[in-house]
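The values are calculated or read from the model by the stated rules, or taken from the named source; none is laboratory data. No experiment lies behind these values; they were computed from the predicted model shown. Please note: Cβ atoms are built from the backbone with ideal geometry, for glycine as well, and neighbour counts cover all protein chains shown.
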Amino acid sequence: MKFELAVLPGDGIGVDVTTEAVKVLQATGERFGHTFNRHHGLVGGIAIDQTGEALPKETLKMCRGAQAVLLGAVGGPKWDDPRARVRPEDGLLALRKGLGLFANLRPVKVFPMLTNSSNLKPEIIEGVDFIFVRELTGGLYFGKPKRQWQTSRGRRAVDSMAYSEQEIERIVRVGFELARGRQKKLVSVDKANVLESSRLWRQVAMEVAEEYPDIELEHMLVDACAMRLIQNPRYLDVVVTENTFGDILTDEASMLAGSMGMLPSASLAGAPREGTSTFGLYEPIHGSAPRRAGLNMANPIAAILSVAMMLRYSLSLTKEAQTIEAAVEQSLNEGYRTYDIMSEDKTKLGTKEMGDLIAGKVGGQ
Ligand code: IPM
Ligand code: MN
């Protein structure tokens with residue numbers, strides 16, 4: 001089969017890890033007889049440097065014409081001036097919004113051979129396997145008013161955590177749908193004891209729950225969830241939450257898996273359904289780590305696992321996705337590690353070598 005894909009490496013290690021992810025994608029194509037036509041585009045800091053915009057129109061157009069988008073990371077100190085007119089992150093946010101990708105799935109799975117790579121005790125993280133459903137196009141990130149201004153008594157700034165019931169309903173629904181295919185337990189995270197937007201969130205979650213009598217719904221306050229994540233992470237299975245809470249909690253959750261370099265993500269326009277292809281954007285959850293860029297250090301596994309998610313959700317290539325996941329697992333089982341998950345007696349590899357190893361296994365070597 002033939003597929004049209006948009007590839008946006010972005011900035012920093014985004015470039016390093018995307019190169020390896022594409023390598024694995026190519027190996028998958030060769031093994032299973034698919035052609036993945038890749039269209040490369042600019043987003044983030046590199047796009048600002050070359051075009052003045054964080055998301056050039058051509059990039060958005062190209063993504064709209066593709067079946068899926070593979071993204072690296074955006075940002076870096078070069079573009080970090082808080083007074084700048086445009087920021088790399090604006091490009092990513094405009095892409096998510098412009099493509100209607102409101103559902104961000106972030107699976108957190110602890111590989112058995114990495115339980116010693118985490119800062120947490122092995123007995124706490126053993127068997128951890130849950131998924132975050134982060135709302136991605138609302139809340140503080142996009143709410144209006146959002147501005148900074150001068151008053152007679154100094155500067156002020158405001159961001160707005162705004163949600164409509166429709167926005168809440170569609171994301172909570174994604175949570176229920178995923179829970180149906182898993183442990184039938186959904187945790188909805190909010191701050192309903194303080195925030196009005198969370199009180200609406202909780203009401204809507206309870207209303208939607210009536211349509212899912214087979215699913216057990218639990219409400220958890222965001223501070224308690226932050227605690228639960230490191231106290232007893234096995235308690236969680238499917239967690240649905242608003243944009244900012246999800247951003248913060250998933251960085252925390254990545255530490256269970258040993259490193260941010262291990263976690264892939266999918267941003268979709270709806271709940272994924274077995275056997276159907278949902279348009280989506282796939283990216284590792286880590287950032288651009290500018291200090292490690294170009295040093296052949298970064299862990300490409302999050303990006304490679306993002307390719308597997310892309311094959312599964314957007315291209316309906318389940319067998320191919322499983323092959324990539326198995327190749328990653330086998331490489332780890334054989335003791336190969338990048339610096340971020342390195343431990344005693346293991347073999348340290350650079351970004352390229354890890355990519356070659358996994359691509360080789362996908363190709364049947
Ligand atoms: C993420 C990142 C982004 C976010 C940044 C780069 C805008 O941290 O995908 O989690 O905050 O959503
Ligand atoms: Mn983040």
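Residues in the stretch 16-60 that are free of Cβ contacts under 8 Å to residues at least 40 places away in the same chain, more than 22 Å from the chain's Cα centre (by Cα) and in a helix (DSSP H, G or I): GLY29, ASP49, GLN50, THR51, LYS57, GLU58.
Taking the residues in the stretch 128-144 that are outside any helix (DSSP H, G or I) and more than 20 Å from ALA271 (Cα to Cα) as candidates, determine which candidate is nearest to ligand 2 (Cβ to nearest atom).
Residues of the stretch 128-144 that are outside any helix (DSSP H, G or I), as a first pass: 128-138, 142-144.
With the extra rule that they be more than 20 Å from ALA271 (Cα to Cα), the set shrinks to 128, 142-144.
Working: VAL128: 19, PHE142: 15, GLY143: 18, LYS144: 22 Å.
Taking the candidates together, the pick is PHE142.
Of the residues ALA271, ALA226, which single one is in the same structural domain as SER188 (by TED's automatic domain parsing) and either part of a loop (DSSP other than H, G, I, E, B) or within 16 Å of ligand 1 (Cβ to nearest atom) (or both)?
Details: ALA271 fails: in the same structural domain as SER188 (by TED's automatic domain parsing).
Checking each option against the conditions leaves just ALA226.
Scanning the stretch 20-47 for residues that are surrounded by fewer than 22 Cβ atoms within 10 Å (Cβ to Cβ) and farther than 11 Å from LEU70 by Cβ gives LYS23, GLN26, GLY29, GLU30, ARG31, PHE32, GLY33, HIS34, THR35, ASN37.
When only residues in the stretch 92-114 that are of a type outside the set (A, V, I, L, M, F, W, C) and without any contact (Cβ under 8 Å) to a residue 60 or more places away in the chain count, which is nearest to ligand 2 (Cβ to nearest atom)?
LYS97
The residues of the stretch 287-300 that are crowded, with 21+ Cβ neighbours inside 10 Å and at positive phi amount to a single one, ALA289. Here the stretch 301-346 is the region considered, the condition is being closer than 28 Å to ASP80 by Cα and among the small types (Gly, Ala, Ser), and the residue that is surrounded by the fewest Cβ atoms within 10 Å (Cβ to Cβ) is ALA302. Which of the residues that make up the stretch 1-42 are closer than 18 Å to ASP356 by Cα and of a type in the set (A, V, I, L, M)? Those that are closer than 18 Å to ASP356 by Cα and of a type in the set (A, V, I, L, M): ILE13, VAL15, VAL17, ALA21, VAL22, VAL24, LEU25, ALA27.
Looking only at residues in the stretch 66-111 that are among the aromatic types (Phe, Trp, Tyr) and in a loop (DSSP other than H, G, I, E, B), the one that is nearest to ligand 1 (Cβ to nearest atom) is PHE102.
Within the stretch 263-286, the set of residues being surrounded by fewer than 19 Cβ atoms within 10 Å (Cβ to Cβ), more than 16 Å from THR137 (Cα to Cα) and not β-branched (Val, Ile, Thr) comprises ARG273, GLU274, GLY275, SER277. How many residues are charged (D, E, K, R), within 16 Å of ligand 2 (Cβ to nearest atom) and more than 24 Å from LEU114 (Cα to Cα) when one looks only at the stretch 219-255? Number satisfying all stated conditions: 1.
Taking (1) assigned to a helix (DSSP H, G or I); (2) within 11 Å of ligand 2 (Cβ to nearest atom) in turn, GLY261 satisfies each apart from (2). If the condition is being within 11 Å of ligand 1 (Cβ to nearest atom), in contact with a helix residue (DSSP H, G or I) (Cβ under 7 Å, 6 or more places away or on another chain) and of a type in the set (Gly, Ala, Ser), then the stretch 240-254 contributes only SER254. Assessment of the stretch 188-202 against the conditions (closer than 20 Å to GLU274 by Cβ, modelled with pLDDT of 95 or more and assigned to a loop (DSSP other than H, G, I, E, B)) yields no matching residue.
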